[in-house]
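Undergrad: This structure is in structure tokens; I'll ask about it shortly.
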Amino acid sequence: MSDLLLSDGSVVYDMPLLAYVQGKLRFRQKEKTMSVVTGVTLISQCCDSSEKGIESLVRKLNEWIENDSVCGGGQLVRVDDHYGSTKHPECHVWGGGFDYLSWQEFICYAKSLPWRETVTIPDEESVILVVSPDQRVAEVHVLTEVGVSQSGDR
């Protein structure tokens, strides 16, 4: 049995572990249960002139992931250098698998970043985020789409 003392002095007995994330208490599965993994893939169809700007936004995403106390960290890593065949893909790809990622909040944060302002030719270059939460249908978001906002509204 694991007890947890809360800031108000109350004690939670034999409950899933709690984590404090962005002003909210969230339940985290006990360590003995099966993990809940969310796959994240970010695809940027960009030329070299946009590369540094896109990489700076990927660093911001990684900082967000690192600060998500439920997830416990990790980072998106560049994977397009591992593609097969004789040619390099004409895009950059970052990916990662994260345990207990607050994926809906992650999507909102990703949409709030200035992707359109970062790419050189926004009409031709797009940044696509694919989030695959465990046991759910994957969500695809075009981050350079006109009208994408922090709330995801158009």
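A short reminder: the numbers here are calculations on the coordinates, not readings from a lab. Quantities reported herein were computed from a predicted structural model and do not represent experimental measurements.
Undergrad: Just to check I understand the Karplus step: with θ = phi - 60° and J = 6.51 cos²θ - 1.76 cosθ + 1.60, what whole-Hz values come out for segment 104-118, glycine and proline as x?
TA: So the Karplus estimates, Gly and Pro as x, are 5, 5, 4, 4, 4, 5, 4, 5, 7, 7, x, 5, 4, 6, 8 Hz.
Undergrad: Counting pairwise Cα distances across segment 36-142, what percent come out greater than 24 angstrom? Before the final figure, lay out each step's value.
TA: Working: 1251 of 5671 pairs.
When every Cα pair of segment 36-142 is considered, 22 percent fall beyond 24 Å.
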